[in-house]
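The values are calculated or read from the model by the stated rules, or taken from the named source; none is laboratory data. Keep in mind it's a predicted model, so treat the numbers as computed, not measured. Please note: Cβ atoms are built from the backbone with ideal geometry, for glycine as well, and neighbour counts cover all protein chains shown. Accessible surface areas use protein heavy atoms only, side chains included; no ligands, DNA or RNA. Shrake-Rupley method; radii C 1.70, N 1.55, O 1.52, S 1.80 Å.
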Amino acid sequence: NKKAFVELLFWKSPAIVFEMTKGYNSLQEGEGATRSRVPPWTPQEEQELRELYWKYKEVEGGDIITAILAHLPTPGRTRRQVVKQLVRM
């Protein structure tokens, strides 16, 4: 590959380096970057998040995200994931 030297300048993670040295698509399912991915938000979860946001938005002196996490039906979501999704929406 004539342009491999350009790829060497922009490594992003050990998983990408592994793929470059061992061959692309060499990572098995559940390895490297695929293992750390966050499950995507379903439309139902987004709707629930939107409703909880509007419900707790008006509460004075309380942390909105903590209230949302306490009432979010899907367990396992982190504070950071909720904040990122709210910003995205």
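Number of residues in the range 51-75 that are of a type in the set (Gly, Ala, Ser) and at pLDDT 85 or above: the value is 2.
Being modelled with pLDDT of 80 or more, open to solvent by less than 100 Å² (accessible area, probe 1.4 Å) and within 26 Å of PRO14 (Cα to Cα) is a description that applies to THR78.
Name the residue that is most open to solvent (accessible area, probe 1.4 Å), counting only residues in the range 38-62 that are in contact with a helix residue (DSSP H, G or I) (Cβ under 9 Å, 6 or more places away or on another chain) and over 16 Å from ARG88 (Cα atoms). Restricting to residues being in contact with a helix residue (DSSP H, G or I) (Cβ under 9 Å, 6 or more places away or on another chain) and over 16 Å from ARG88 (Cα atoms), the top hit is LYS55.
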